[in-house]
Amino acid sequence: MFNGPTQYASDVDSIMFFIIAVSVGFLVIVTVAMIYFIFRYNKKRHPQARDVKESAILEVVWIAIPTILVLFMFYFGLQSFYGIREIPADASNIKVIGRMWQFSYAYPNGKKSDTLFLAKGKNYKLDLITTDVNHSFFIPAYRIKEDLSAGKTNYMVLKPAETGEFDIACSEYCGLNHSKMYSKLIVLEENQYNEWLNQGINKNTDSTKTTNAAEKK
């Protein structure tokens, strides 16, 4: 339904729209019913209260319909979740290193940067590690985040669907300068990405200050 920078972002937006539409629909139904009952069964028209007879059909309907809708929400959400946990066979590995208070990135050919570069339409597995406290790697435009936990390597699967520049933030409080822990994701066409990836690699270019301890993890 929606077009986003990744398929996962599109799925999340579609599911969110569905949930909002269902919620608004029920709000309208309940509100209209309340107003109707206020006028239809007010004290002037019905000064004498009468017992309301139970209805098995009504009981089944108002239990079954919400249950079915919730199961639909769960199913579509689960399918989207599986999409970002299954690692494609052709995924390239990139190491994301978090520390107070910056992210840095290490590529398979040894290149490093303080900005995450990816190629449009390619699969990536980001290995997430931290050299100190816990952080959380969050790409708002992609509707995705994952914790960087001390002593553990987590991962994130990405497949950019469009080129552009996107914000990356740490979304878990990690100390004094947490609010300044921002980075950038730049998605390029594949030929541009390959050109960038191989540029200066023979000169051992390193645009970050990643520690040796982080590189060994």
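We did not get these values from a lab; they are worked out from the coordinates using the rules stated. On a predicted model such as this, the values are computed, not experimentally measured, just so you know. Note that we place each Cβ from the backbone using ideal geometry, even for glycine, and neighbour counts take in every protein chain shown.
Expressed in whole Å with the largest first, what are the equivalent ellipsoid semi-axes of the range 92-216 derived from the C-alpha gyration tensor as the square root of 5 times each eigenvalue?
Working from the Cα gyration tensor, I get semi-axes of 22, 17, 13 Å.
Run through the DSSP bridge list for the chain and note the antiparallel percent, rounded to the nearest 5.
Counting only bridges with both partners in the chain, antiparallel ones make up about 70 percent.
Given only helices, namely DSSP H runs of n ≥ 4 each adding -39500 (n - 2.57), what is the per-residue ellipticity at 222 nm of the chain, to the nearest 500 deg cm²/dmol?
Roughly -12000 deg cm²/dmol at 222 nm, from the helical runs in the chain.
Which entries of Lys112/Lys159; Lys111/Lys145; Lys159/Lys180 have Cα-Cα distances beyond 22 Å here?
Lys111/Lys145; Lys159/Lys180
Where the centroid of each part is defined by its Cα atoms, how far is the range 61-138 from the range 139-200 in Å?
Comparing the Cα centres of the range 61-138 and the range 139-200, I get a distance of 9 Å.
Between Asn3 and Lys145, how many nm apart are label points set 7 Å from Cα along the C-beta direction?
Going from the Asn3 label point to the Lys145 one covers 2.8 nm.
Show me 131-143, 169-181 ranked by packing, highest mean number of other Cβ atoms within 10 Å first.
Most protected by this proxy first, the peptides run 131-143, 169-181.
How much length is gained if the chain between Val30 and Lys53 is pulled fully straight, taking 0.36 nm per residue apart and subtracting their Cα-Cα distance, in nm to one decimal?
Contour length minus the Cα-Cα distance gives 6.3 nm.
Can you check how the C-alpha radius of gyration of the chain compares to 2.2 N^0.38 Å, as a plain ratio?
Normalised by 2.2 N^0.38 Å, the Cα Rg of the chain equals 1.50.
Ranking Val28, Val157, Val52 by Cβ neighbours within 10 Å, fewest first, what do you get?
So the residues, fewest neighbours to most, are Val52, Val28, Val157.
For the Cα atoms of the chain, what angle does the longest principal axis make with the long axis of helix 7-40, in degrees from 0 to 90, nearest 10?
Orientation of helix 7-40: about 20 degrees from the principal axis.
Considering only DSSP beta bridges with both partners in the range 92-216, what is the antiparallel share in %, to the nearest 5?
Around 70 percent antiparallel, to the nearest 5.
I need Trp62, Trp196 ordered by Cβ neighbour count within 10 Å, fewest first.
Arranged by neighbour count, lowest to highest, Trp62, Trp196 become Trp62, Trp196.
Under 5 Å between amide H atoms, partner at least 5 residues away or on a different chain: which partners does Glu172 have, H built in plane at 1.01 Å?
It is Ser136, by chain and number.
Can you sort Ile19, Ile87, Ile94 by how many other beta carbons sit within 10 Å, fewest first?
Ordered by Cβ neighbours within 10 Å, fewest first: Ile87, Ile19, Ile94.
With labels modelled as points extended 7 Å from the Cα through the Cβ direction, what inter-label distance (nm, one decimal) is found for Thr163 paired with Phe76?
According to this spin-label approximation, the distance is 3.2 nm.
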